[in-house]
Amino acid sequence: MKKVNVLILALLVTALACSKKRYADPLTPEEALKSFSLNEDFNIEVFAAEPFIVDPVDLTFDEDGNAFAVEMPDYPYKPEPGKGRGRIKMLLDTDGDGRVDKATVFADSIAEATSILPWKGGLLVAAAPNIWFMKDTNGDFKADLKEVLFTGFFETNSEAQITCLRYGIDNWIYASNNGQNGKVSSVKFPGNDSLAMRGADFRFRPDTKEFEQESGAGQFGQSFNEWGHRFMTQNTIRLQNMVIPWRYTHRHPNLPSTKGSIDITNGDLTMFQETPPPYWRAERTARRVKEYAEQNIDRKEYAEDHFTGASGGTVYTGHTFPAKYVGNIFIGDVAGNLVHRDLLTPLKDSPTYFGGKDSLNENTKEFLSSTDPWFRPDNFTVGPDGALYLVDLYRQHIETPVSIPEDLKTDMDFAAGEDKGRIYRIVPKNPVSTDKSVPKLSKASSEELVKLLAHPGQWWRLQAQRLLLDRQDKSVVASVTKLFSESTDARARLHALFVLEGLQALNADVVKKAVKDTHVALREHGLILSEKYPVLIPEIIAATSDSSARVAFQATLSLGQFSTKEVVPTFAKILEKHFNDPWFRMAVLSSKAGSSSEIIKSLSANGVFFQEVQPGKIDFLKDYAYITGAANGKESAQNLLKLFAAPKTDEKWKLAALKGLTKGMQSSKDSLKPDANQKKLLLAMMPASGKEVQEAIQEMINL
């Protein structure tokens, strides 16, 4: 009997020992470096590590090159009110060896801070449900001024809260909201209505006291390229491009879709990780796959080699990387323990990008991968030195506990690693620039800041632009205007344009010059600014025929801000040329003129658009009819159907009009839906004969 008990005890001990080995132990920073496999053109080195930094989720450099980092030790749990342990630290390298050896706590006891951005000598701080402004006013490197600028953001899930504060070249500050619900208001910026945030991201302008929803929705990762184009990261959709801003998709309330962004990876989820999936993920995935099979559900789930924790997408816009890496976007996957690199390629005939792997150099491997399962690359920033800084939360587990079955959590410590954290510096082996200038821009004169608008590194240009707006020093207007007019660098001209905008020094002549610039980005942003100048309508109309699809697209959006007699005929020409592109169709239909009955009349009068049935034209007619039905315009609906009432008209046109009207009416709170007529209309939602379609049209006309 004793032998049996001893055997059982031995088996239990063995089982316990095995269970403890399910999850690896942490590595030291030096050991972690050895676990990396990095692109051969680069080196990686430790910038900061514990005890000076733990649980980092964001890093930024202020105008004087001071490094500030956000710590989030409460992850993945929501702290009790008043008991948040989050901190913002100023990181110092006192001996100049390139590695942090001292840290000062700028602010502490913060609940769920996730992002910071330099502003007005302090920091903007995203910590749901608020966006704060914190500043040291007495020189002790601790924030003694703490003001709530905005409140009302979603605060339930730390992985889906307000974050990723980014300064845009257009002088707006952007934040990712993951489309979460909330009612956002501001005491500091009175006179604005509170915003319903569901489905939206967020942007604001402290200088003009404006704030509004923005298209998205990004989760943890948001970045702009050098031309002001916005890219977002979501955990499984690693790369989205914002194509149509919210202010256009909500010009009227009846668009069938207001989604302004798109996955630009063609749904590619594959990645090349070197770590096996953790036990809990492999087991959970196996269970789910089994359930799908038993229930005959056509769904796939992967435990590894597919993006599930994409985060921190950051476009490299510095001045030291080789040219082929400039404009690339770097994305971490915290579940796959890797850093992925995508090329951003503008599409020739559409106003968006394609984001894809470097098929020559990284088709079977990642830019950086690790064999250390604790490596959690959650964010990046480009520093004033041109290096790419990588933020590593460094945790044993990274997952919301509620997403894991209870029996799989018994040996999981979700706090393991809360006393650790790393920030790495990625530098090229052969840098394009070896300039080691240390920024001290707070002491620079305004004229010196103007010169920095032409710096090869975007960090310098944006800091100079921001500081010039902060100072509102109108004495530099002449110098900035000269830079805009004479610089051969389109990036410098673009920054100069928006400095003039921020100094209220624009006029129609300057904007007209931008609209006619040789570079597409200047023309694009010039068109956005031209919306304030009706005198430039002829230039906007001319730009709808621009050789660049992106410029022509922006011209289409901008033209929709006006209602002069030239607008509708121009829209008709745009549709005749770009009917196959859903973005151009949405750009036209988002405007009042482009969704009015006049646009259909114009297209019919030209005799070209409806001459031949094509998929893009059918989709346009469905969407137009939807808007007409949703707007509850009886006369407009009848006039639309009369255009297609002739018996010889192709049935596809008739069916498209009926389907669109029916769906639009169903979406309307107060639509024309008498029971008998509704039954006729609903026939259009099902396979119908030509006779039934014709009868439905006649009945609608006779309502």
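The values are calculated or read from the model by the stated rules, or taken from the named source; none is laboratory data. It should be emphasised that the depicted structure is a prediction, and the values quoted were computed from it without experimental measurement. Here the Cβ positions follow ideal geometry from the backbone for every residue, glycine too, while neighbour counts run over all protein chains shown. Quick note on the areas: whole protein, heavy atoms, side chains included, nothing else; ligands and nucleic acids left out. Shrake-Rupley method; radii C 1.70, N 1.55, O 1.52, S 1.80 Å.
Close amide H partners of ASP517, meaning residues 5 or more places away or on another chain with modelled amide H under 5 Å apart, are ARG523. Subtracting the Cα-Cα distance of ASP305 and GLU31 from their residue separation scaled by 0.36 nm leaves 96.2 nm.
Placing unit charges on the Cβ atoms of the charged side chains and taking the dipole of the range 361-461 about its Cα centre, the candidate lying farthest along the positive direction among ILE426, MET412, TRP460 is TRP460.
Under 1.5 on a/c is rounded, so check that first for the range 267-356, then, if it is not, pick prolate when a/b is larger than b/c and oblate when it is not; a ≥ b ≥ c are the square roots of the alpha carbon gyration tensor eigenvalues.
Since a/c reaches 1.5 but b/c is at least a/b, the shape of the range 267-356 is classed as oblate.
Which value results for Rg/Rh of the chain when Rg is the Cα radius of gyration and Rh the Kirkwood radius based on the inverse mean 1/r? List each step's numbers first, then the result.
On the way: Rg = 28.2 Å, Rh = 27.8 Å.
The Rg/Rh ratio comes out at 1.01.
Calculated on the Cα set of the range 158-223, radius of gyration then Dmax: 11.3, 31 Å. Where a ≥ b ≥ c are the square roots of the eigenvalues of the C-alpha gyration tensor, would you call the range 255-406 rounded, which needs a/c under 1.5, or, failing that, prolate if a/b is larger than b/c, or oblate? It comes out oblate by the Cα gyration axes. Averaging the sequence gap over all C-alpha pairs within less than 8 Å and six or more residues apart, then dividing by the number of residues, gives the chain a relative contact order of 10 percent. The Cα center of the range 552-614 and the Cα center of the range 182-230 differ in position by 29 Å. Placing a label point 7 Å from the Cα of VAL148 along the Cα-to-Cβ direction, the residues of the range 92-124 whose backbone N falls under 18 Å of that point are 108-115, 124.
Is it possible to state the helix-based mean residue ellipticity at 222 nm for the chain, with each DSSP H run of 4+ residues giving -39500 (n - 2.57), the sum divided by total residues, to the nearest 500 deg cm²/dmol? What is it?
Details: 20 runs with 219 residues, N = 703.
So the helix-based figure for the chain works out to -9500 deg cm²/dmol.
Computed from backbone phi, the HN-Hα couplings of the range 91-101 come to 9, 10, 10, 7, 9, x, 8, x, 10, 5, 10 Hz, rounded to whole numbers (Karplus: 6.51 cos²θ - 1.76 cosθ + 1.60, θ = phi - 60°; Gly and Pro given as x). If you take the Cα centroid of the range 428-485 and the Cα centroid of the range 377-406, the two points sit 31 Å apart. Our summary of shape: the Cα atoms of the range 616-672 have principal axis extents of 34, 22, 12 Å, ordered from largest down, in whole angstrom.
Evaluate the Kirkwood expression for the hydrodynamic radius of the range 129-288, namely the inverse of the mean inverse distance over all pairs of different C-alpha atoms, and round to one decimal in Å.
Numbers: mean 1/r = 0.0565 Å⁻¹.
By the Kirkwood definition, the hydrodynamic radius is 17.7 Å.
In this structure, the amide hydrogen of LEU338, modeled 1.01 Å from its nitrogen in the peptide plane, lies closer than 5 angstrom to those of ASP333, counting only residues at least 5 positions away or on a different chain.
When peptides 74-83, 156-165 are ranked by their average number of other Cβ atoms within 10 Å per residue, the highest-first order is 156-165, 74-83. Residues whose amide H comes within less than 5 Å of that of PHE106, counting only those at least five positions distant or on another chain, are ILE88, LYS89, MET90 (H built at 1.01 Å from N in the peptide plane).
At 1.4 Å probe radius, can you tell me the per residue accessible area of the range 392-476 in Å²?
With all protein chains present, the range 392-476 gives 44 Å² per residue.
Per-residue 3J(HN,Hα) values for the range 53-60, derived from phi via the Karplus relation 6.51 cos²θ - 1.76 cosθ + 1.60 with θ = phi - 60°, read 9, 9, 6, x, 10, 7, 9, 8 Hz in sequence order (x marks Gly and Pro).
About the Cα centre, and with charges only on the beta carbon of Lys, Arg (+1) and Asp, Glu (-1), how big is the dipole of the range 105-210? Nearest 20 debye, please.
220 debye
Residue ranges 134-144, 331-341, 596-606 sort as 331-341, 596-606, 134-144 when ordered by packing (mean number of other C-beta atoms within 10 Å per residue, highest first). Taking 7 Å steps out from each Cα toward its Cβ at ASP108 and SER563 produces label points 5.9 nm apart. In order along the range 241-253, the phi-based Karplus estimate (6.51 cos²θ - 1.76 cosθ + 1.60, θ = phi - 60°) of 3J(HN,Hα) comes to 10, 7, 9, 10, x, 4, 4, 8, 6, 10, 5, 9, x Hz; Gly and Pro are listed as x.
Between LYS135 and THR410, full extension at 0.36 nm per residue minus the direct alpha carbon distance yields a gain of 94.7 nm. Take the range 203-253 with all the other protein chains still there, run a 1.4 Å probe, and you get 27 Å² of accessible area per residue.
Using the Stokes-Einstein relation with a Kirkwood hydrodynamic radius computed over Cα pairs, the translational diffusion coefficient of the range 389-514 at 10 °C and a viscosity of 1.306 mPa s comes to 86 µm²/s. Within the accessible area of the range 170-244, the carbon and sulfur atoms contribute 45%, probe 1.4 Å, all protein chains present. With a ≥ b ≥ c the root eigenvalues of the C-alpha gyration tensor of the range 374-447, is it rounded (a/c under 1.5), prolate (a/b larger than b/c) or oblate? Because a/c hits 1.5 or more and a/b exceeds b/c, the range 374-447 counts as prolate.
Please give the peptides 641-652, 225-236, 441-452 ranked by average Cβ packing (other Cβ atoms within 10 Å per residue), highest first, as a rough proxy for protection. Display every interim value, and only then the final one.
Working: 641-652: 14.2, 225-236: 21.5, 441-452: 16.2.
So the order, starting with the most tightly packed, is 225-236, 441-452, 641-652.
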